[in-house]
Amino acid sequence: MKTAISEAARAAKNDYFKQYKRSMTPEARQKANEYQKEWRRRNPDKVKAYAIDYWERKANTTESIEIRIKNLHQQGMSLRDIAREFGVSHMTVKRILQ
């Protein structure tokens, strides 16, 4: 079992939580936090193992999409065709390639 989280996974985690916190009302956030604190207090080993595994997968997913886009472009696929394949805009594909 891994015991440390990579920098890419840590960055993905921080970005996610910033967006999550902005989307909730203060009352909903407080209620969710109370429940989560109690569950984490009762299950510390599960929390640590899950967090590491989840954020590693999240970081690897982002990297693998970028690699797949670059490979398709090297094979001669157009930006718009690649964008259709991944469900993103052609400008997103262009940014990834730069």
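What follows is calculated from the coordinates using simple rules that are stated; it is not laboratory data. Just so it is clear, the model here is predicted, and its values are computed rather than measured. Here the Cβ positions follow ideal geometry from the backbone for every residue, glycine too, while neighbour counts run over all protein chains shown.
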Seminar exercise, completed: Projected onto their principal axes, the Cα atoms of the chain stretch, largest extent first, over whole-Å spans of 53, 36, 19
Exercise. What 222 nm value per residue comes from the helices of the chain, counting each DSSP H run with n ≥ 4 as -39,500 (n - 2.57) and dividing by all residues, nearest 500 deg cm²/dmol?
Worked result: -27000 deg cm²/dmol
Exercise. From the backbone phi of the stretch 36-46, what are the Karplus-calculated ³J(HN,Hα) couplings (6.51 cos²θ - 1.76 cosθ + 1.60, θ = phi - 60°) in whole Hz, Gly and Pro given as x?
Worked result: 5, 4, 5, 5, 5, 5, 7, 9, x, 5, 4
Seminar exercise, completed: Ordered by number, the trypsin sites (Lys or Arg not before Pro) in the stretch 2-61 that occupy a DSSP loop and have at most 14 other Cβ atoms within 10 Å are K2
